[in-house]
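Nothing in this text is a laboratory measurement; each read-out follows from the coordinates by a stated rule. Predicted model, so just to flag it, every value in this text is computed and none were measured. All Cβ positions, even for glycine, are placed from backbone atoms using ideal geometry, and neighbour counts span all protein chains on display.
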């Protein structure tokens, strides 16, 4: 699948920036929060500049307000809340800016990206027409009957426009 991607190098760069932000936060979370934020900000600007769509799982782990990487217990708090009788949500709160994200806890919910019709590989490809296939279907007549199928032009205007006269 990596060979089919148009901007393979750009996606590799985005992947590297995301992984670098994670590694930096794991090494020393107290001091490297700003560096991880810079990596995430760079990732966001590169994807916007090149008009590349990121996976929803990646977008869920980056704060929209301050571009901080949301790691539970380090840069974010994660809570389970009940918003109505049967609905439960996960609330992720950024510790840097206080921005919150709410995600519905519905096991039947599927993202559009995960649905079969969203995958380009699963969509039926239109049949390409080659001269052999067209001749087999009878769209192009063969033999002496091909010249008889087109009637000659008739009328006074056709005689004036005829190249043979």
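Is it the case that residue 12 is free of Cβ contacts under 8 Å to residues at least 12 places away in the same chain, within 28 Å of the chain's Cα centre (by Cα) and closer than 28 Å to residue 110 by Cα? It would help to see each step written out before you state the result.
On the way: free of Cβ contacts under 8 Å to residues at least 12 places away in the same chain: yes; within 28 Å of the chain's Cα centre (by Cα): yes; closer than 28 Å to residue 110 by Cα: yes.
Yes.
For segment 59-91, name all the residues that are surrounded by 15 or more Cβ atoms within 10 Å (Cβ to Cβ), outside any loop (DSSP other than H, G, I, E, B) and touching a residue at least 24 places away in the same chain (Cβ under 8 Å).
Listed by number, the list holds a single entry, 69.
Determine, yes or no, whether residue 38 is surrounded by 13 or more Cβ atoms within 10 Å (Cβ to Cβ), without any contact (Cβ under 8 Å) to a residue 12 or more places away in the chain, more than 17 Å from the chain's Cα centre (by Cα) and assigned to a helix (DSSP H, G or I).
Yes; evaluated as a whole, the condition is true for this residue.
Return the residues of segment 97-114 that are touching a strand residue (DSSP E or B) at 6+ places or on another chain (Cβ under 9 Å) and either closer than 30 Å to residue 34 by Cβ or in a loop (DSSP other than H, G, I, E, B) (or both); say none if nothing qualifies.
Scanning segment 97-114 gives 99, 100, 101, 102, 103, 105, 106.
Which residues, counting only those in segment 41-54, are within 19 Å of residue 114 (Cβ to Cβ) and exposed (fewer than 11 other Cβ atoms within 10 Å of the Cβ)?
Result: 53, single match.
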